[in-house]
Amino acid sequence: MNGWHHRIGLGIVLPAILLALCSAPGWGAQQQRYTVLVDPAHGGDDTGVVSDKIREKDLTLNMALMVRQEAQKTANLQVQLTRSADRGVTVADRIKMAAGMKPDCLISLHVNAGFGKKAAGYEVYFPGFRQAAAAGAGSSAPILKDMEQNRSLNDSVRLAQRTQNALESVFPRKGRGLRDAPCPLLEGVTAPGIVVEVGFATHPEDRKALGEEQTQRAVARALVRGLQEYFQKNP
Ligand SMILES: [Zn+2]
């Protein structure tokens, strides 16, 4: 009787164990990995915005390095940076890097300034539709290339939306909306891409928050969360 019990027991338990193992992450089908190119804007002699003791080039680099760290904790995101130190990189070189890397998407990080001292909050830009349409008109670009560009633009808008939603948790009600604007880096890269202006260095509260490591970390986590959302709904 004991042996019979055993056989029945194993017959039920073994498949259950195998099923559990196969559905665990890392088993069965290989999980898709995505490459994200994160671009800390400015660097080297190009400081970007300087306000009080804050320099844009330092903030963008700190946040980009943190995005890479946070992405390392995920199973599916691999982050590459256009620079991982304080050095100058031209936009042309950044575009070249993206062309060689063929990332699944690109996020360029900036810190805002201006619009008077009262302007605060974050902005998310995607490549200009009008600019893309103008570039397509009159050129002999094949239709396929056009379709690819449209798809990439739509993906850019989706990425912008996910990123905006994720940043809302870090800067509640401080979103200044999605903006469509021509940007040389985004126009030069075929992958979907956005520019995030993380806050205003010219606004006292924004400046104080941006200077704190805690805020930078929260921004990095939010960006990674936005990317996860984007890839989940956009495989
Ligand atoms: Zn900038």
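Working value for region 153-224: equivalent-ellipsoid semi-axes of 23, 13, 11 Å, each the square root of 5 times a Cα gyration tensor eigenvalue, largest first. For region 32-232, the average shadow cast by the Cα convex hull is 11.2 nm², which is a quarter of the hull's surface. Accessible area per residue for region 141-235, computed on protein heavy atoms with a 1.4 Å probe, is 51 Å². Here region 149-235 exposes an accessible surface that is 45 percent carbon and sulfur, computed with a 1.4 Å probe and the other protein chains kept in place.
Let me have the relative contact order for region 32-232, percent, based on Cα pairs under 8 Å that are six or more residues apart. Write out the running numbers ahead of the final one.
Working: 369 pairs, mean separation 59.4, N = 201.
Value for region 32-232: 30 percent.
How much length is gained on full extension from Lys118 to Glu205, taking 0.36 nm per residue of separation minus their Cα-Cα distance?
Using 0.36 nm per residue and subtracting the Cα-Cα distance, I get 30.3 nm.
Counting heavy atoms of the protein chains alone, Phe115 has an accessible area of about 140 Å² for a 1.4 Å probe.
Taking 23 Å as the straight-line reach from the Cα of Lys208, the lysines in range (excluding those fewer than 8 positions away in the same chain) are Lys53, Lys57, Lys117, Lys118, Lys174.
Over region 172-213, the alpha carbon radius of gyration divided by the compact-protein estimate 2.2 N^0.38 Å works out to 1.48.
The values are calculated or read from the model by the stated rules, or taken from the named source; none is laboratory data. Remember, predicted model here, so these are calculated numbers, not experimental data. The accessibility values were calculated without ligands, DNA or RNA, using every heavy atom of the protein model including side chains. Shrake-Rupley method; radii C 1.70, N 1.55, O 1.52, S 1.80 Å.
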